[in-house]
1. Looking at segment 87-154, what strands (runs of 3 or more DSSP E) fall wholly within it and have at least 3 residues that are of a type in the set (K, R)?
2. Select from segment 27-54 the residues that are buried (at least 17 other Cβ atoms within 10 Å of the Cβ) and acidic (D, E) and write down the one among them that is nearest to G84 (Cα to Cα).
3. Any idea how many residues of segment 155-167 are in contact (Cβ under 8 Å) with a residue 40 or more places away in the chain, assigned to a strand (DSSP E or B) and under 14 Å from W116 (Cα atoms)?
4. Restricting to segment 58-91, what's the tally of residues that are farther than 30 Å from R188 by Cα and crowded, with 16+ Cβ neighbours inside 10 Å?
5. Going residue by residue through segment 76-84, is there one that turns out to be of a type in the set (S, T, Y) and either outside the structural domain of Q41 (by TED's automatic domain parsing) or in a loop (DSSP other than H, G, I, E, B) (or both)?
6. Picking from D146, D185, which residue would you name as being surrounded by 14 or more Cβ atoms within 10 Å (Cβ to Cβ) and closer than 20 Å to A66 by Cα?
7. Among the residues in segment 133-140, are any surrounded by 15 or more Cβ atoms within 10 Å (Cβ to Cβ), within 18 Å of the chain's Cα centre (by Cα) and not aromatic (F, W, Y)?
8. Can you name the number of the only condition in (1) modelled with pLDDT of 95 or more; (2) under 22 Å from M62 (Cα atoms); (3) surrounded by fewer than 19 Cβ atoms within 10 Å (Cβ to Cβ) that S103 fails?
Amino acid sequence: MTDPETPPEPATTPAAAEADLPRHEGLEARIADAILPSLGQMGYELVRVQVSGKERPVVQIMADRADEAPFTVEDCEAISHAVGAVLDVEDPIKGEWMLEVSSAGIDRPLTRAKDWNRYAGHVATIELAIPQDGRKRFKGIALGADAEVARLKLEDGTEAAFPRGNIRKAKLVLTDELIAATAADAKRN
């Protein structure tokens with residue numbers, strides 16, 4: 001039996017690779033599928049695609065460096081040029097739209113099993129699509145994830161597993177501990 005406080009070892013199976021891709025639906029999934037090859041070739045990993053707005057939609061691309069080095073303005077610029085060119089060819093949005101590229105930031109969304117495992121031990125919130133135990137929102141300490149479920153140690157001390165397909169949003173909560181851990185990571189890189 002494994003210790004729930006210890007993140008699982010990275011897996012190398014196709015299911016593990018799938019677990020490290022953010023989950024998207026509809027237009028966001030089409031955009032993600034179109035840009036993933038270019039991002040990968042450039043040494044980046046997709047964290048999230050989000051489309052917001054009606055009149056002139058904003059396509060937000062959140063990415064990480066695959067080498068886990070700090071994300072820079074130059075990274076945003078490189079991704080913007082490459083992704084903009086791909087989306088101009090693919091044309092997933094009719095009419096005018098804007099592109100916004102950013103890092104995931106300190107209080108990042110948890111979209112991949114990799115994120116859940118890397119930030120295990122930090123406070124996170126989850127919003128579900130379908131209620132679990134009569135609730136849609138949960139807060140607790142991230143315990144990790146695999147391809148199927150993400151786990152939290154809830155504020156009452158119990159542990160809960162949430163099907164990843166039912167997670168609408170999950171993100172880290174900005175705490176002093178998270179800031180300190182992020183600063184320590186930046187110094188190492």
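The values are calculated or read from the model by the stated rules, or taken from the named source; none is laboratory data. Being a predicted model, the structure only gives us computed values, none of them experimental. Glycine also receives a Cβ, built like all others from the backbone with ideal geometry; neighbour counts cover every protein chain displayed.
1. 135-145
2. Going through the qualifying residues, I end up with E28.
3. 1
4. Within segment 58-91, residues that are farther than 30 Å from R188 by Cα and crowded, with 16+ Cβ neighbours inside 10 Å number 3.
5. So far as segment 76-84 goes, no, none of its residues is of a type in the set (S, T, Y) and either outside the structural domain of Q41 (by TED's automatic domain parsing) or in a loop (DSSP other than H, G, I, E, B) (or both).
6. Answer to the selection: D146.
7. Checking segment 133-140: at least one residue is surrounded by 15 or more Cβ atoms within 10 Å (Cβ to Cβ), within 18 Å of the chain's Cα centre (by Cα) and not aromatic (F, W, Y).
8. Looking at each condition in turn, S103 falls short on (1).
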